Amino acid sequence: MSKILNNKFFLIGAFYFFYFSAVGVYVIYLPKILSNLGYSATKIGIVFSIAPLVRFLLPFFFLKRFKLDVKVFHISLLVLIVSVGLLYLTIQNFYLFCIAIFFYGASASVILPYVDTYSLELLSKEVYGKARLYGSIGFILVALVLAKYLNSNYTGLHFIAITILFCIITAYLLTNDSNFTKKSISKKFSIKGDVALWISIFLMQVSFGAFYSFFTIYEREAGLSLEMISYLWTFGVICEIVLFYFQAKFLKFNLYKLMQFSIFITSIRWFILYLFPDSLSLLFISQSFHAFSFALYHTVTLSYLYKLYHDKNLASQFYYGIGFGLGGFFGSLIAGYIYGKYIFLFSSFVAILAFLVSLPHYRVSRK
């Protein structure tokens, strides 16, 4: 049994490594690549809003019409690799590229929540962080390496293709056995009793829209080199890794209070970016908060939802759908339209709003 768990831990860690390596290219460098190709800020915002919107809508199809099983999961892996090929063919055309991003986002919106659910069921929330940190390592390596070798617009796509290929291989090996969970999606799932919680999750990810879509461009305009910006991304993820590794100690405390603390810290983080976009020391302090605004928030929120809802698969789907999906959609879209010196002031305000909205839910939350 111990050997099986070790093998599963290795495959889960490898999946996260390659998946988030691809995310690193997508988040850090794709905005700059699109800008180089003549995409306006508005068009970049639209591109980065498509995948989150699909991520939001897809769980409703599984809720009403489809069953999320291993067969659907494997079909999603196939769609993912095909969509990567489409990125190459369509990147010069805004409208066709949006279609490619649609398929990329649709397949990813099935794959990540499904593996997350399996990982938490198999490894527990204490060990989950140690597997998940390999994703952060992959993100860091891409941030460091690609900054030195991004000599053409297609180099970034090459990195996405290679990392996605290995991501698919590890995901298939992880799920291609009889022990993989095959739970179907319950049709009784409801978020009506916890509306404040879900609004808070939504607003938290809206606040991240500017960061994921425009942080690189924002700091380039503030005078920082692309290499220095990659160091900032890397430092934030290093802090994330440290917290993922040691987070078991935090998880002994009240999960919901930890979630609220992470939201409040996030608001401070965005406010620092607004006030001091060209101060390296303060930028590094701001990036250190990524340990709380992403790593701690992600684990405690997922763990809290797993505790709150019986249907853990669908809780995970809607966490990604409402948060990273709908929240990411509006965050990217709004950021594209309001991009300018006040963009992170807006993000800070939205994060504070997420914190305030979460307060009523705590008084009625289930312990």
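Derivation of every value follows stated rules applied to the coordinates shown; laboratory data play no part. As the structure is a computational prediction, the values presented were derived from the model and not from experiment. Note that each Cβ is placed from the backbone with ideal geometry, even for glycine, and that neighbours are counted across all protein chains shown.
Global size of the chain: 19.2, 55 Å for Rg and Dmax (C-alpha atoms, Rg to one decimal, Dmax whole).
Using the Karplus relation 6.51 cos²θ - 1.76 cosθ + 1.60 with θ = phi - 60°, the per-residue 3J(HN,Hα) values for region 257-268 come to 5, 5, 4, 5, 4, 4, 5, 4, 4, 4, 4, 5 Hz, with x marking Gly and Pro. Per-residue extension of 0.36 nm, minus the Cα-Cα distance of I99 and T155, leaves a gain of 18.1 nm for this segment. Among 261-274, 337-350, sorting by the average number of other beta carbon atoms lying within 10 angstrom of each residue, highest first, gives 261-274, 337-350.
The value of relative contact order for the chain, using C-alpha pairs under 8 Å at least six residues apart, is 31 percent.
In a fully extended conformation the segment linking K257 and I169 would gain 27.9 nm over its present Cα-Cα distance, using 0.36 nm per residue. Sorting the segments 249-259, 85-95, 100-110 by their mean number of nearby beta carbons within 10 angstrom, highest to lowest, gives 100-110, 249-259, 85-95. Can you give me the Cα centroid spacing of region 292-316 and region 324-344 in angstrom? Cα centres, region 292-316 to region 324-344: 24 Å. Computed from backbone phi, the HN-Hα couplings of region 23-34 come to 4, x, 5, 4, 7, 7, 10, 4, x, 5, 4, 5 Hz, rounded to whole numbers (Karplus: 6.51 cos²θ - 1.76 cosθ + 1.60, θ = phi - 60°; Gly and Pro given as x). For region 324-337, 3J(HN,Hα) computed residue by residue from phi via the Karplus equation (6.51, -1.76, 1.60; θ = phi - 60°) reads 5, x, 5, x, x, 4, 5, x, 5, 5, 5, 4, x, 7 Hz, glycine and proline entered as x. Within the shell of other residues whose beta carbon sits under 12 angstrom from the beta carbon of L243, the net charge comes to +2, with Lys and Arg scored +1 and Asp and Glu -1.
Given Cα positions, please report Rg to Rh for region 284-367, the hydrodynamic radius being the Kirkwood one. The Rg/Rh ratio comes out at 1.01.
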